[in-house]
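Enquirer: One structure, as structure tokens, below. Some questions next.
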Amino acid sequence: MFTQEIVTVTENKPVAEGYFKLSFNAPELAKNYDPIQFVNVKVGSGTEFLLRKPFSIYDHTDTDISILFKIYGKGTERLSQYKTGDSLDILGPLGTGVVPPKDNVPTALIVGGVGIGSVKALALKMPKQFDLFYGVRNQGEVVEKQEWSELANTVFMCSDDGSCGEKGVVSTLFQKQASAYKKIYVCGPHAMLKAVYDVCPETIESFFITEEYMACGFGICMGCVIKTTSGYKRICKEGPVFKGSEIIW
Amino acid sequence: MVNLDKKRVSPVKIGSVTYPNPIWLASGTVAFGAELSEILDLNMLGGIVLKGTTLEPREGNPPPRLVETPSGLLNAIGLQNPGVEGLIKDKLPFLKQFKVPVILNIAGKHEDEYVSIVQRVAEEAEVQGYELNLSCPNVENGLDLGTDPQWVESVVKKVKKVAGNVPVLAKITPNVTRITDLSKAAENGGADAISLINTLVGMAFNTHTQQPILANKIGGLSGPAIRPVAIRMVYQVRQTTSLPIVGMGGIMNQHDVDEFYIAGADCVQLGTLNFVDIHQLRSLINTAQS
């Protein structure tokens, strides 16, 4: 069950270069969401931005929800200007979340850039039997390094420029150790998702957190689809998580 | 002067059906109602117009299917729908639990398809309106048949013959020079009401890749950006007909609803708003309860 709520921003702070973590007061939502679900956020007033913008729920406390975003365009730039005490209009929780695995099969979270913003809620609810493969452009993009090193068994880093971890892309980093895992959750740009899928052995159960231009966020506009083995599916409703074997790459 | 207080709560009579109030939801912005019913009481609506339905199922266009433009939404969904059999089997039964009048939106490839869809639905289900989506791109020669008044008149006439007592609403394309040529054609064909406007044809490029953003390249523009165009067309059509007019195009608040009434609409459909602001949607619906 999702609702539209006017919430109050409790904190909005930079957490890496161009990255912000925005928290808002929403006690009901904090209790009632599944990992990988998202909120659709109205940024600005009136028709400054017509459509809502979707953000994964990053983390929560007893009373607050936080989202993580990177400044990409005018909407996220405007969102970065929100201050503590400002009102924010949100719709959520949306999408089909993930039930955290209870089994202790060797699991990897594989993320690129702002994709880190979609997997923390899952990481918090998993048994501590996962490794994190984290690809960034450069050192300045790394979010909550200390916290992630406590959450994951091991964090494997890589960066485009070599300023952090290995130089290279996260799919290659993962490929070297893929045989150690039975299950993976992957989030990042589509090209990165595909690169991971391409190197992922068939023996691994793979889940991909997808994105697309989105309007309503709850399944009525049919805008944000992905092609699957059973036709186009809505990323906002049946997704955003799809099995690798289900996606037509 | 239009009596807005009265207009806002007036039932709307179209053909043999009286719709309880003038706030309806537009085709393509409600899917088939199920998702919206989780957050909105459908019983309070004057009508709900379902997603454009074709004779055969359609999988729709590849993504990206939509992009935001200034005060607008450009989309090319490609009529993804389960086809008329899927509609009858999987979609209409759910809506029986609500008292909201259900209006089908019908998108044929040619005249006979409109007729076949109406005939098939009439055999199996009870609905309170057929809205004909008369923007019909003919892929083979690149023409939009819906811009041809003779074709519009002919389709409406054929559908009216098989529609029985169910009102036929002609949703004409706004992508023409003189909208009244089409509204007159629909009226001559026997339409019970005119729905306008459908989306305006538009396009957007990614300036980095220099490629169109939509996979379909061209799409339909909705939202507040098109409201003045819609208002102008409702106004022009009102000068030439006494048929009921169902107005739509970028309505976001009560001011916008009232503007349509003043221009000559008898009722309105809310569309892009459904994607954006459920609170505002509820407020407009509440205002319509007498």
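Enquirer: Output the residues belonging to region A:17-55 that are of a type in the set (Gly, Ala, Ser) and surrounded by fewer than 21 Cβ atoms within 10 Å (Cβ to Cβ).
Expert: Of the residues in region A:17-55, the ones of a type in the set (Gly, Ala, Ser) are A:18, A:23, A:26, A:30, A:44-46.
Selection gives A:Gly18, A:Ala30, A:Gly44, A:Ser45, A:Gly46.
Enquirer: Yes or no: region A:68-83 includes at least one residue that is closer than 21 Å to A:Met126 by Cβ, within 17 Å of the chain's Cα centre (by Cα) and more than 12 Å from chain B (Cβ to nearest Cβ). Give the steps one after another, and end with the answer.
Expert: Keep residues of region A:68-83 that are closer than 21 Å to A:Met126 by Cβ, which gives A:68.
Within this subset, residues satisfying the condition of being within 17 Å of the chain's Cα centre (by Cα) are A:68.
Restricting the remaining residues to those that are more than 12 Å from chain B (Cβ to nearest Cβ) gives A:68.
Checked region A:68-83: at least one residue is closer than 21 Å to A:Met126 by Cβ, within 17 Å of the chain's Cα centre (by Cα) and more than 12 Å from chain B (Cβ to nearest Cβ).
Enquirer: Also, I was wondering about something else. Residues of region A:201-223 being farther than 21 Å from B:Ala204 by Cβ, within 14 Å of another protein chain (Cβ to nearest Cβ) and hydroxyl-bearing (Ser, Thr, Tyr), which ones?
Expert: Selection gives A:Thr210 alone.
Enquirer: Still on this structure, I have one more. List every residue pair whose Cβ atoms sit under 6 Å apart, with the two residues 6 or more apart in sequence or on different chains, where the first one lies in region B:80-98 and is over 10 Å from B:Pro57 (Cβ atoms) and the second, anywhere, is of a type in the set (A, V, I, L, M, F, W, C) and in a helix (DSSP H, G or I).
Expert: B:Phe98/B:Leu42
Enquirer: Looking only at region A:1-33, count how many residues are more than 16 Å from B:Glu38 (Cβ to Cβ) and either away from chain B (no Cβ under 14 Å) or free of Cβ contacts under 8 Å to residues at least 40 places away in the same chain (or both). Please lay out each step first, then the result.
Expert: Taking region A:1-33 and keeping what is more than 16 Å from B:Glu38 (Cβ to Cβ), we get A:6-27, A:30-31.
Narrowing further to those that are either away from chain B (no Cβ under 14 Å) or free of Cβ contacts under 8 Å to residues at least 40 places away in the same chain (or both): A:8-27, A:30-31.
Number of matching residues: 22.
Enquirer: Filter region B:253-290 down to the residues that are under 18 Å from B:Lys13 (Cβ atoms), assigned to a loop (DSSP other than H, G, I, E, B) and within 18 Å of the chain's Cα centre (by Cα) and list them by number.
Expert: Answer for region B:253-290, where residues must be under 18 Å from B:Lys13 (Cβ atoms), assigned to a loop (DSSP other than H, G, I, E, B) and within 18 Å of the chain's Cα centre (by Cα): B:Gly264, B:Ala265, B:Asp266.
Enquirer: Given the structure, is B:Phe98 closer than 23 Å to A:Gly231 by Cα and more than 8 Å from every other protein chain (Cβ to nearest Cβ)?
Expert: Working: closer than 23 Å to A:Gly231 by Cα: no; more than 8 Å from every other protein chain (Cβ to nearest Cβ): yes.
When the stated conditions are applied, B:Phe98 does not pass them.
Enquirer: Next question. On the given criteria, is B:Met233 closer than 27 Å to B:Lys157 by Cβ, open to solvent by less than 40 Å² (accessible area, probe 1.4 Å) and touching a residue at least 60 places away in the same chain (Cβ under 8 Å)? Before you say what the answer is, go through the steps one by one.
Expert: Numbers: closer than 27 Å to B:Lys157 by Cβ: yes; open to solvent by less than 40 Å² (accessible area, probe 1.4 Å): yes; touching a residue at least 60 places away in the same chain (Cβ under 8 Å): no.
Criteria not met by B:Met233.
Enquirer: Something else now. Could you check region B:183-212 and list, in sequence order, the residues that are in a helix (DSSP H, G or I) and in contact with a strand residue (DSSP E or B) (Cβ under 9 Å, 6 or more places away or on another chain)?
Expert: Residues of region B:183-212 in a helix (DSSP H, G or I): B:183-189.
Scanning region B:183-212 gives B:Ser183, B:Ala185, B:Ala186, B:Glu187, B:Gly189.
Enquirer: What are the residues in region A:233-249 that are touching a Lys or Arg at 6+ places or on another chain (Cβ under 9 Å) and either within 10 Å of chain B (Cβ to nearest Cβ) or open to solvent by 60 Å² or more (accessible area, probe 1.4 Å) (or both), if any? Steps first, please.
Expert: Here is the first cut: in region A:233-249, the residues touching a Lys or Arg at 6+ places or on another chain (Cβ under 9 Å) are A:233, A:239, A:242, A:246-249.
Hits for region A:233-249 are A:Ile248, A:Trp249.
Enquirer: Now for a different question. In region A:56-96, how many residues are under 19 Å from A:Glu17 (Cβ atoms), modelled with pLDDT of 95 or more and open to solvent by 50 Å² or more (accessible area, probe 1.4 Å)?
Expert: 4
Enquirer: What are the pairs, 6+ residues apart or on separate chains, where a residue within region A:49-63 that is free of Cβ contacts under 8 Å to residues at least 12 places away in the same chain has its Cβ under 9 Å from a residue that is in a strand (DSSP E or B) and crowded, with 24+ Cβ neighbours inside 10 Å?
Expert: A:Leu50/B:Gly72; A:Leu50/B:Leu73
Enquirer: Of the residues A:Tyr213, A:Tyr185, only one is among the hydroxyl-bearing types (Ser, Thr, Tyr), open to solvent by less than 10 Å² (accessible area, probe 1.4 Å) and closer than 23 Å to A:Glu238 by Cα; which? Reasoning before the result, please.
Expert: Numbers: A:Tyr213 fails: open to solvent by less than 10 Å² (accessible area, probe 1.4 Å).
Exactly one residue qualifies, and that residue is A:Tyr185.
Quick grid of which residues meet (1) within 20 Å of the chain's Cα centre (by Cα); (2) open to solvent by 10 Å² or more (accessible area, probe 1.4 Å); (3) small (Gly, Ala, Ser):
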residue	(1), (2), (3)
B:His110	yes, yes, no
B:Val115	yes, yes, no
B:Arg120	no, yes, no
B:Pro149	yes, yes, no
B:Asn175	yes, yes, no
B:Ile179	yes, no, no
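Enquirer: Here's a follow-up. Among the residues of region B:76-95, write down those that are of a type outside the set (Gly, Ala, Ser), open to solvent by less than 40 Å² (accessible area, probe 1.4 Å) and either at the interface with chain A (Cβ under 9 Å from one of its Cβ atoms) or under 24 Å from B:Ile226 (Cβ atoms) (or both).
Expert: B:Ile77, B:Gln80, B:Asn81
Enquirer: Which of (1) in contact (Cβ under 8 Å) with a residue 40 or more places away in the chain; (2) in contact with a strand residue (DSSP E or B) (Cβ under 8 Å, 6 or more places away or on another chain) does A:Phe208 not meet, given it meets every other one?
Expert: Failing condition for A:Phe208: (1).
Enquirer: Against the condition within 9 Å of chain A (Cβ to nearest Cβ), touching a Ser or Thr at 6+ places or on another chain (Cβ under 7 Å) and crowded, with 16+ Cβ neighbours inside 10 Å, how does B:Gly72 come out, does it pass? First the steps, then the outcome.
Expert: Details: within 9 Å of chain A (Cβ to nearest Cβ): yes; touching a Ser or Thr at 6+ places or on another chain (Cβ under 7 Å): yes; crowded, with 16+ Cβ neighbours inside 10 Å: yes.
For B:Gly72, the condition - within 9 Å of chain A (Cβ to nearest Cβ), touching a Ser or Thr at 6+ places or on another chain (Cβ under 7 Å) and crowded, with 16+ Cβ neighbours inside 10 Å - is met.
Enquirer: Across region B:78-103, which residue is farthest from the chain's Cα centre (by Cα) among those that are at positive phi and of a type outside the set (A, V, I, L, M)?
Expert: Among those residues, the one meeting the criterion is B:Gly83.
Enquirer: Out of the residues in region A:195-218 that are assigned to a loop (DSSP other than H, G, I, E, B) and of a type in the set (S, T, N, Q), state the one that is nearest to the chain's Cα centre (by Cα). Give the steps one after another, and end with the answer.
Expert: Here is the first cut: in region A:195-218, the ones assigned to a loop (DSSP other than H, G, I, E, B) are A:200-204, A:210-218.
Now drop any that are not of a type in the set (S, T, N, Q), which leaves A:203, A:210.
Details: A:Thr203: 24, A:Thr210: 9 Å.
Once the filter is applied, the top-ranked residue is A:Thr210.
Enquirer: Shifting gears a bit: Could you please let me know if A:Leu91 is aliphatic (A, V, I, L, M) and under 17 Å from A:Met214 (Cα atoms)?
Expert: Working: aliphatic (A, V, I, L, M): yes; under 17 Å from A:Met214 (Cα atoms): yes.
Taking the combined requirement at face value, the residue satisfies it.
Enquirer: Checking A:Val99 against (1) within 14 Å of chain B (Cβ to nearest Cβ); (2) open to solvent by 60 Å² or more (accessible area, probe 1.4 Å), which single condition isn't satisfied?
Expert: Here A:Val99 clears every test but (1).
Enquirer: Identify, from the list B:Lys161, B:Lys171, the residue that is surrounded by fewer than 17 Cβ atoms within 10 Å (Cβ to Cβ) and of a type outside the set (S, T, N, Q). Spell out how you get there, then give the answer.
Expert: Numbers: B:Lys171 fails: surrounded by fewer than 17 Cβ atoms within 10 Å (Cβ to Cβ).
Residue meeting the stated conditions: B:Lys161.
Enquirer: Please go through region A:53-84 and pick out each residue that is in contact with an Asp or Glu (Cβ under 8 Å, 6 or more places away or on another chain) and assigned to a loop (DSSP other than H, G, I, E, B).
Expert: Residues satisfying the conditions are A:Ile71, A:Thr84.
Enquirer: When residues of region B:45-56 are filtered for being farther than 24 Å from B:Trp24 by Cβ and within 9 Å of another protein chain (Cβ to nearest Cβ), how many remain? Please lay out each step first, then the result.
Expert: Step one: list which residues in region B:45-56 are farther than 24 Å from B:Trp24 by Cβ, which gives B:55-56.
Filter again for within 9 Å of another protein chain (Cβ to nearest Cβ), leaving none.
Selection size over region B:45-56: 0.
Enquirer: Sticking with this structure for a sec: If I ask for residues that are away from chain A (no Cβ under 12 Å) and assigned to a strand (DSSP E or B), which ones from region B:221-252 would you list?
Expert: Within region B:221-252, B:Ile245, B:Val246, B:Gly247, B:Met248 qualify.
The values are calculated or read from the model by the stated rules, or taken from the named source; none is laboratory data. Everything numeric here is computed off the predicted structure, so don't read it as measured data. Heads up, the Cβs are rebuilt from the backbone with ideal geometry, glycines too, and the neighbour counts pull from every protein chain shown. Heads up: the accessible areas ignore ligands, DNA and RNA and are worked out on the full protein's heavy atoms, side chains in. Shrake-Rupley method; radii C 1.70, N 1.55, O 1.52, S 1.80 Å.
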